[in-house]
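Below you'll find the structure, written out as structure tokens, and then a few comments.
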Amino acid sequence: MKKLHLVSLGCTKNLVDSEVMLGKLNDYKITDDESEADVIIVNTCGFIESAKQESLQTVLNLHDRRKEDSLLVMSGCLSERYKEELQKELSEVDIFTGVGDYDKIDELIEKKQSKFTPKSYLIEDENRVITGSNYHTYIKLSEGCNQQCSFCAIPSFKGKLNSRDLNLVAHEVKNLVKKGFYDFSFISQDSSSYLRDKGIKDGLVKLIEEIEKIDGVKSARILYLYPSTLSDEVIEKIISSKTFHNYFEMPIQHISDNMLKVMRRGSGSETIKHQLNLMKTAPNAFFRTSVIVGHPKETKQDFEEIKNFINEFGFDRVSIFEYSDEEGTHSFNIEDKVDKETIKQRVKELEVIVEKNLQTSLKKDLGKVIDIVIDGESSEGEFFLGAKKLIWAEDIDGEILINEKEIEDELEVGKIYKAKVTDVVGSNLLATVVG
Ligand code: SF4
């Protein structure tokens with residue numbers, strides 16, 4: 001049997017695309033060892049400079065270690081965006097493919113191997129192979145984006161918003177439930193715009209209603225809410241849902257009105273604060289956001305504003321992005337840049353606050369009994385089992401280390417338990433399973 005080695009870089013949307021490719025290549029055996037693989041795929045990310053460098057370095061490292069006659073494939077955002085330049089300069093790569101050909105990956109590979117025979121393909125993601133979990137997965141709502149954020153090149157290569165048909169989304173979830181999955185994270189570039197391209201304003205309300213009807217979905221959350229397309233109705237629908245958690249992932253990027261305008265975010269601080277405060281009325285709400293530091297024209301006062309806001313609001317998790325110039329974006333052409341030293345300094349200042357917020361968030365659970373799911377061996381090794389809080393999204397929100405249990409039964413991976421949180425260890429929780 002032929003062997004496949006796949007490296008998925010970047011965001012969870014890329015991970016879903018990688019899983020679609022695995023589904024298309026399910027006659028390959030997956031291997032962790034690139035030196036024995038017949039096909040190596042690097043699904044790249046081109047979001048910011050550091051991601052580009054990581055993608056290129058990964059491709060080159062794999063090339064050094066691959067066996068003769070293997071195929072090296074570069075797919076994803078970076079490959080889409082710089083296809084022509086990369087084709088000229090990266091002779092190590094055998095196949096370049098962008099963001100629109102994931103479901104044709106088997107065809108592309110077969111063509112290159114000169115064994116191409118036409119096939120009929122199943123629609124959508126029916127054969128997708130879910131990686132990393134036996135109970136949780138990400139579900140894509142749409143591809144592309146209609147926003148014009150100044151710093152982002154994604155719409156220039158992923159195109160306009162193209163929402164998946166709600167019936168197909170529900171069909172995919174039903175199929176996954178049959179395979180034992182019960183926890184779903186819905187993703188896209190801008191989730192609150194879901195179905196707007198089909199003339200429906202609050203597509204997320206319809207999504208929630210549809211998913212709630214599916215027996216076997218025990219847990220769900222929506223990621224990438226975008227302030228200017230998010231309505232109060234959607235927030236209220238999430239709060240009233242028994243299936244969807246009060247999990248609010250809304251990348252605000254900034255809070256100073258001056259910067260929100262420069263960043264072309266389409267809504268001001270008043271709207272964002274109103275939305276966040278409405279979300280705060282939900283019991284046990286969990287907040288995740290991201291912030292870009294040092295965008296062109298960011299003054300000291302703008303930075304102080306976002307710093308104070310992050311300090312005061314109490315987000316549970318914050319991702320900080322250091323601004324980097326990206327070709328093809330509006331920001332690239334803004335002359336009033338913030339110098340690199342200042343950006344680094346601001347990032348450091350914000351990191352201190354974000355870490356403090358994280359600790360406060362983790363300590364809120366101390367002594368409480370919470371719903372958790374066992375994921376398997378922990379990142380700290382075999383002495384602990386790793387788990388996640390049911391409300392958390394997989395991989396991104398942290399880990400719970402299980403060191404004891406007060407029940408007789410063996411703990412099962414993928415099963416929901418009650419656990420008492422006994423300590424905070426770094427950025428992890430320590431807990432005992434109690435039921
Ligand atoms: S919402 Fe903004 S940041 Fe997100 S993909 Fe669209 S343009 Fe880029």
**Asked** Stretched out fully, how many nm does the piece from ILE239 to LYS363 gain, at 0.36 nm a residue minus the Cα gap?
**Response** 42.3 nm
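Filter the cross-link list LYS307/LYS344; LYS280/LYS364; LYS178/LYS242; LYS206/LYS415; LYS160/LYS237 down to pairs whose alpha-carbon distance in this structure exceeds 19 Å.
Numbers: LYS307/LYS344 14 Å; LYS280/LYS364 15 Å; LYS178/LYS242 21 Å; LYS206/LYS415 29 Å; LYS160/LYS237 26 Å.
Result: LYS178/LYS242; LYS206/LYS415; LYS160/LYS237 exceed 19 Å.
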**Item:** Two-site label geometry, ASN26 and GLU304: point separation in nm, points 7 Å out along Cα→Cβ
**Value:** 5.9 nm
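If you rank LEU429, LEU390 by fewest surrounding Cβ atoms within 10 Å, what's the result?
Working: LEU429 25, LEU390 16.
In order of increasing Cβ crowding within 10 Å: LEU390, LEU429.
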**Request:** Of the options THR137, SER231, VAL433, report the single residue whose Cα projects farthest towards the positive end of the charge dipole of the chain (beta-carbon charges: Lys, Arg +1; Asp, Glu -1).
**Result:** SER231
**Message:** Using Cα-Cα distances under 8 Å and only pairs 6 or more residues apart, what relative contact order does region 144-292 have, in percent?
**Reply:** 22 percent
**Request:** Excluding residues on the same chain fewer than 8 positions from LYS213, give the aspartates and glutamates whose Cα lies under 17 Å from its Cα.
**Result:** ASP165, GLU172, ASP183
**Inter-probe distance in nm under a simple model that places probes 7 Å from Cα toward Cβ, at LYS67 and LYS88** = 3.6 nm
**Asked** Looking only at chymotrypsin sites (Phe, Trp or Tyr not before Pro) in DSSP loops with at most 16 other Cβ atoms within 10 Å, what is the longest site-free stretch of the chain?
**Response** 122-435
**Prompt:** DSSP H helices in the chain with Cα extent of 30 Å or more along the helix axis and mean Kyte-Doolittle hydropathy at least -1.0?
**Reply:** 340-363
**Asked** Can you give the % of DSSP beta bridges in the chain that are antiparallel, to the nearest 5?
**Response** 35 percent
**Complete:** Quick calc, region 3-112, dipole around Cα centre from Cβ unit charges on Lys, Arg (+) and Asp, Glu (-), nearest 20 debye, gives 180 debye
**Simple label model, 7 Å out from Cα along Cβ direction - LEU168 to GLU209, nm** = 2.2 nm
**Fill in**
By Cβ neighbour count within 10 Å, fewest first, ILE416, ILE372 rank ILE416, ILE372
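Residue separation times 0.36 nm, minus the C-alpha to C-alpha distance between GLU110 and GLU355: what's the value?
On the way: separation 245, 0.36 × 245 = 88.20 nm, distance 4.82 nm.
So the chain would gain 83.4 nm between GLU110 and GLU355.
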**Complete:** For the chain, shape from the Cα gyration tensor axes a ≥ b ≥ c, cut at a/c of 1.5 then a/b versus b/c, turns out rounded
**Request:** Place +1 on the Cβ of every Lys and Arg and -1 on the Cβ of every Asp and Glu in the chain, take the dipole about the Cα centre, and give the residue among ILE40, SER219, LEU9 whose Cα lies farthest towards its positive end.
**Result:** SER219
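FYI, it's all coordinate maths here, none of it is from the lab. Only a predicted model underlies this, so the values are computations on that prediction, with no experimental measurement involved. Don't worry about glycine lacking a Cβ; one is built from the backbone with ideal geometry, like all the others, and counts go over all protein chains shown.
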